[in-house]
Amino acid sequence: MLFLLWAALLPGAAAAPADTDTVKMVEFFIKAPVESLPADHIDEFLAVDSDFLPQKMRVKFKAKKLELYTLKQLAHRKKYGTIISAEETCEVPHEAKSGEIDLLKMVGYQEITEDEEQWVQQKTKCSERKMLCEFTLQIVDENVGTKNRKKVRRRYFLYCKNACDPLYVLVGAHRAQADGKQTDFYGVGSPVCTN
């Protein structure tokens, strides 16, 4: 008996698979559009540990989970308006962040350039940390180069699929202006961080 308990606690011990009802719920959540998900089961879905799911479901599960956390972040920002306090001790929401570029693109994140990210910082007076906390900014450090000469390239992403992050709307307006198109968005409800 003690041997079985000891074996189960070893770091390499296999996790018990999720029960059939949990797997069915996760399958439903993965396939269903966000707007048709049962609100009373979202917390139950978010509490599932991907390590207990079948291997083939894990990527899609992580994508749906990230999308739900992202939409929650956007709803929070919309509820509290466009003025953001200067508090720099904000907690970057771990659940709403991913270091996987393919996963970000699958969910609906769009890539922006480093210049655009810096332009948004100047336009909104928000620090990078504030954009990570209060908005959907994702930063992925990607290793590029050869085996002997590795370099790190930073890539920036903002969410824009079913709804768009206000920062991404600013980037879109900036791009349109750079292309010579007129835009009336500037100064109309754009987010601002107070100092």
Just give me the residues in the stretch 136-176 being more than 21 Å from Trp119 (Cβ to Cβ) and either hydrophobic (A, V, I, L, M, F, W, C) or at pLDDT 90 or above (or both), in sequence order. Val144, Val152, Lys161, Ala163
Here is a list of conditions, (1) touching a Lys or Arg at 6+ places or on another chain (Cβ under 6 Å); (2) in contact (Cβ under 8 Å) with a residue 24 or more places away in the chain, and Asn143 meets all of them except one; can you say which number that is? (2)
Which of the residues that make up the stretch 93-119 are surrounded by 17 or more Cβ atoms within 10 Å (Cβ to Cβ), under 14 Å from the mean Cα position of the chain (by Cα) and either charged (D, E, K, R) or on the phi > 0 side of the Ramachandran plot (or both)? Lys97, Gly108
How many of the residues making up the stretch 28-60 are assigned to a helix (DSSP H, G or I) and either over 18 Å from Lys72 (Cβ atoms) or touching a strand residue (DSSP E or B) at 6+ places or on another chain (Cβ under 9 Å) (or both)? 11
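The values are calculated or read from the model by the stated rules, or taken from the named source; none is laboratory data. Being a predicted model, the structure only gives us computed values, none of them experimental. Because the Cβ atoms are built from the backbone with ideal geometry, glycine has one as well, and the counts that use them run over all protein chains shown.
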